[in-house]
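Working notes, structure below.
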Amino acid sequence: MSLPVFTLWFEEIRKEDIPKAGGKGANLGEMLNAGIPVPPGFVITAQAYKFFLEKTGIAQRIYQVIKDHVKEVNDPKGYEDASREIRKFIEATPMPKEIKEAIVKQYRELSKRVGLQEAYVAVRSSATAEDLPDASFAGQQETYLNVRGEEELLEKTVQCWSSLFTPRAIFYRQQKGFPHEKVLISVVVQKMVNSKAAGVMFTIHPVTGDPSKIVIEGNWGLGESVVSGSVTPDRFIVDKNTLEVVEQEIAEKTIEYIRDPVTGKTIHAEVPPERRRQPCINQDEIKRLAELAIKIEKHYGRPQDIEWAIDRDLPFPENVFIVQSRAETIWGQRAAAPTAPTAGPTITAAPLLKGLPASPGIAYGVARVAFSPEELATSFNKGDILVTKMTNPDWVPYMRVASAIVTDDGGMTCHAAIVSRELGIPAIVGTGNATKLMKTGQEYTVDAKTGVVYEGKVEAVISAAAPPAPAAAAPTALMAMEMAPITATKIYMNLGVPEKITEYKNLPFDGIGLMRIEFIMASWIGEHPLYLLETGQQQKFIDKLAEGIAMVAREIYPRPVVVRLSDFKTNEYRKLKGGEKYEPSEDNPMLGWRGVSRYVSPQYRDAFRLELKAIKKVRDEMGLKNVWVMLPFVRATWEVEEVLQLMEEEGLRRGRDFKVWAMAEVPSIIFLADEFCKYFDGFSIGSNDLTQLILGTDRDSQILPEIDPRYFDERDPAVRRAIEHLIKTAHRYGVTVSICGQGPSVYPEFTEFLVRCGIDSISVNPDVVTRTRRLVASVERKVMLERLAELQRRGEEEKLELLWSE
């Protein structure tokens, strides 16, 4: 009986060969034969994998393990257990020599073709149900970069085979109804591009569905950093008709994945400061990529999701390669694609002013310049642009109906920035002089993607904005929920405006990790709690606060809602009705009478009890036991003891279904973590305050960031060390740790650091919930593989020691 074909060169493959080469392999062969520059390589066929299963007799064992462990579609532990057992015995099963010999022969020939003794190759899995037009399996299996040598290639091939049974891959097939035994896997072995820069591009705008645009994203080094979501990439939007760049965003690129010149392995290196703000690709390379994107889309007849790389060792244009293409699966499945708008002109208008792009988006409207909310009472209309020095909770009613917000002061973590992101309103902060340059009644275009304000209506900017698509919003949210990867690290969401929960409830989050009640106090109540007590209206405060919290808790029940009790500063409390009578003037309210120090003070204690009564009403009268509480700005253990006593007096005692957390934002909690663990069920790191108190930097300063943005940066080594210490100490005492500050929403590499430290949950802004879950899933898989490799290495060392001892 003749043996099946175990390997095929790319040039022997066409798109119809998915049963042999898998989706990835078939697409590479198809593109190569269509004249697309694809790095050379070969495919280890699906028939080789099938031969491996049959010859070793492990096929039935695999499918039985899945039946034994996975009893329900939504059973994370079942998927994890099945995956662990299957991958272990696949990787422990010796590869038949017939397959081994075929792979080694092709690898030697590939090395010879590229002029090397042992070529560096990328080894990528390619499932036979992957990259089909209507189901994207992308990323379900493994990819190994900078593989060199016959033994390493054979090892990575088997690991690719076993990756057909990651928890996420098993779950995806169960959910989509693909029988496990029908999905085979091939392995793509392709010459490694020594990438200067790499990334992804879409031949249709992935957010708006605009087919007249190509979106290119890239970073220095290997494209894996972009594909995995580990970095914020450069972004270029290219018009298909003119091949001109109509919009670009150059990110600060701090990390690149490159080949270590000593070991030859992939490492994560810091990008030198002088390259961080430089575009990772030039105009010629952008144009060449766009030309290739159009050619690939035309060949396949539908929108494509393409991976590309620029080789640092070759001259242009020979250095531009396409390493993968698959059908775009979101807009590609919709019945009616949006009509292609006519190509807009490039932006020629001169900017009026610039600031920090705090909440992305684009808006056009009439400006209203004001220095207090009272000035807007009769003159502010829905859709106006709010221009002021800085906002506080009193401004929220106007912020909610504004088309955009522009402020003189503030940084990325100021009130205007945080509230705007939550409301989904474009915002630019820290302009320095918006209230002087912008005039009430005049029209402006606000580009909060780049932090620029233009006079008048600038069509080139407005046309680049995503058109509203309310009909598609609900399916997109549901799709995100269905497609959410399983993560051990819980992904929570930050929320302040209760009404917004109806828009966000279908996002893939595990609970609310930070519910701020200041919005309810300012917008729903509007009066100082001591004023309400003095006038006999305390029940109004209790009822309104309970109503706002219950609105959220009811929508997402039984997922937890962690309510952060009030954390207004004195200057903010003074602005509430009646507040001037009760609030002193402080030179530095940020470090003054706030948080727990306010709760235990004789002059405010009775007002704090109103918050506790509201929490008790939500839990006991409304039956919403998924409401927990969190204490802000905790400084000392003695004040915690007093607060917990007040809570007990109001009928709120820590227990199995009532957790009490503390915000970890004052360094004393870090230094005395072992002591604070006695009082709390969990900590939530407030990275904004913790960073400013460790680094001694006013987080709203505009001066220091202009000197160097590192003055306020959650990624600073001192802040990272403090966070790592808290996580380790808390876990020693069985206390969980979360984070709800700005860092994880902005810096993907910071999120990776947190996951590696073993953080229990990460709470982020609504706009990055889905992206963060995907990133966390990617990091968790990477960590698991690294630990497995380390265990295997130790096992081999132990075997050698045993042999030597004998």
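The values are calculated or read from the model by the stated rules, or taken from the named source; none is laboratory data. Keep in mind it's a predicted model, so treat the numbers as computed, not measured. Counting neighbours? That spans all protein chains shown, and the Cβs are built from the backbone with ideal geometry, glycine included. Please note that ligands, DNA and RNA were not included when accessible areas were found on the heavy atoms of the full protein model with its side chains. Shrake-Rupley method; radii C 1.70, N 1.55, O 1.52, S 1.80 Å.
Of the listed requirements (1) without any contact (Cβ under 8 Å) to a residue 60 or more places away in the chain; (2) open to solvent by 10 Å² or more (accessible area, probe 1.4 Å), ASP408 misses just one: (2). Of all residues in segment 378-389, those that are open to solvent by 50 Å² or more (accessible area, probe 1.4 Å) and out of contact with any Phe, Trp or Tyr (no Cβ under 9 Å at 6 or more places or on another chain) total 3. Where helices (runs of 4 or more DSSP H) sit wholly within segment 26-97, those with at least 3 residues that are among the small types (Gly, Ala, Ser) occupy 76-92. Looking at segment 523-530, can you tell me whether even one residue there is touching a residue at least 12 places away in the same chain (Cβ under 8 Å) and farther than 22 Å from PRO632 by Cα? Within segment 523-530 (the criterion being touching a residue at least 12 places away in the same chain (Cβ under 8 Å) and farther than 22 Å from PRO632 by Cα), the answer is no, since none of the residues qualifies. Report yes if some residue within segment 183-197 is under 18 Å from ASP305 (Cβ atoms) and touching a helix residue (DSSP H, G or I) at 6+ places or on another chain (Cβ under 6 Å); otherwise report no. Yes - at least one qualifying residue is present in segment 183-197. If you filter segment 416-434 down to residues that are assigned to a helix (DSSP H, G or I) and touching a strand residue (DSSP E or B) at 6+ places or on another chain (Cβ under 6 Å), you find that the one that is farthest from VAL387 (Cα to Cα) is ARG421.
Quick check on segment 344-367: of everything there that is among the β-branched types (Val, Ile, Thr) and open to solvent by less than 50 Å² (accessible area, probe 1.4 Å), which residue is modelled with the highest pLDDT? So, considering only residues that are among the β-branched types (Val, Ile, Thr) and open to solvent by less than 50 Å² (accessible area, probe 1.4 Å), the one modelled with the highest pLDDT is VAL366.
When VAL660, VAL666 are checked against the criterion of being open to solvent by less than 50 Å² (accessible area, probe 1.4 Å), under 21 Å from ASN626 (Cα atoms) and at pLDDT 95 or above, a single residue qualifies: VAL660. The lone criterion from (1) surrounded by 17 or more Cβ atoms within 10 Å (Cβ to Cβ); (2) modelled with pLDDT of 90 or more left unmet by ALA464 is number (2).
Entry remark, segment 561-575: residues being open to solvent by less than 30 Å² (accessible area, probe 1.4 Å) and at pLDDT 95 or above number 4 in total.
LEU612 is checked against (1) open to solvent by 10 Å² or more (accessible area, probe 1.4 Å); (2) assigned to a helix (DSSP H, G or I) and fails just one. What number does that condition carry? Among (1) open to solvent by 10 Å² or more (accessible area, probe 1.4 Å); (2) assigned to a helix (DSSP H, G or I), LEU612 violates only (1). Scanning segment 745-778 for residues being in contact with a Phe, Trp or Tyr (Cβ under 6 Å, 6 or more places away or on another chain) and within 19 Å of ILE694 (Cα to Cα) gives a total of 0. If we scan segment 77-89, do we find a residue that is in contact (Cβ under 8 Å) with a residue 24 or more places away in the chain, β-branched (Val, Ile, Thr), within 17 Å of PRO179 (Cβ to Cβ) and open to solvent by 20 Å² or more (accessible area, probe 1.4 Å)? No - not one qualifying residue is present in segment 77-89.
Is segment 23-42 home to any residue that is within 22 Å of MET95 (Cβ to Cβ), more than 34 Å from the chain's Cα centre (by Cα), at pLDDT below 95 and of a type in the set (Lys, Arg)? No, because not a single residue in segment 23-42 is within 22 Å of MET95 (Cβ to Cβ), more than 34 Å from the chain's Cα centre (by Cα), at pLDDT below 95 and of a type in the set (Lys, Arg).
In this structure, does PRO341 turn out to be of a type outside the set (Gly, Ala, Ser), more than 30 Å from GLY35 (Cβ to Cβ), at pLDDT below 85 and in a strand (DSSP E or B)? So PRO341 fails the test.
The requirement of being part of a strand (DSSP E or B) and in contact (Cβ under 8 Å) with a residue 12 or more places away in the chain is fulfilled somewhere in segment 269-290, by at least one residue. Checking each residue in segment 249-291 for being open to solvent by less than 80 Å² (accessible area, probe 1.4 Å), over 29 Å from the mean Cα position of the chain (by Cα) and more than 30 Å from LYS782 (Cα to Cα) picks out ARG288, GLU291. Note on segment 102-149: residues that are at pLDDT 85 or above and charged (D, E, K, R) amount to 8. Taking the criterion of being farther than 30 Å from ASP698 by Cα, under 30 Å from the mean Cα position of the chain (by Cα) and of a type outside the set (D, E, K, R), would at least one residue in segment 657-676 satisfy it? Within segment 657-676 (the criterion being farther than 30 Å from ASP698 by Cα, under 30 Å from the mean Cα position of the chain (by Cα) and of a type outside the set (D, E, K, R)), the answer is yes, since at least one residue qualifies.
The helices (runs of 4 or more DSSP H) found entirely in segment 711-799 that carry 2 or more residues being more than 20 Å from VAL562 (Cβ to Cβ) and at pLDDT 90 or above are 717-732, 748-757.
Restricting ALA434, ALA370, ALA402 to those that are touching a Ser or Thr at 6+ places or on another chain (Cβ under 7 Å) and crowded, with 24+ Cβ neighbours inside 10 Å reduces the list to ALA434.
The C-beta contact set for segment 487-515 (first residue farther than 20 Å from VAL737 by Cβ, second residue open to solvent by 10 Å² or more (accessible area, probe 1.4 Å) and among the basic types (Lys, Arg), distance under 7 angstrom, 6+ apart or interchain) comprises GLY496/ARG516; PRO508/ARG773. In the set (1) within 30 Å of PRO485 (Cα to Cα); (2) crowded, with 19+ Cβ neighbours inside 10 Å, THR93 fails one condition alone, (2).
For segment 648-665, a tally of residues being free of Cβ contacts under 8 Å to residues at least 12 places away in the same chain and closer than 13 Å to ASP681 by Cα returns 3.
Quick one: is SER225 closer than 24 Å to THR770 by Cβ, of a type in the set (Gly, Ala, Ser), at pLDDT below 90 and not in a loop (DSSP other than H, G, I, E, B)? Here the answer is yes, as SER225 does meet what is asked. Among the residues here, PRO705 does not qualify as in a helix (DSSP H, G or I), open to solvent by less than 10 Å² (accessible area, probe 1.4 Å) and at pLDDT below 85.
Return yes when VAL246 is under 21 Å from GLU786 (Cβ atoms) and over 22 Å from the mean Cα position of the chain (by Cα) and no when it is not. Considered against the rule, which asks whether it is under 21 Å from GLU786 (Cβ atoms) and over 22 Å from the mean Cα position of the chain (by Cα), VAL246 comes out as no.
Mind counting the residues in segment 437-451 that are farther than 12 Å from PRO360 by Cβ and buried (at least 21 other Cβ atoms within 10 Å of the Cβ)?
Of the residues in that region, 3 qualify.
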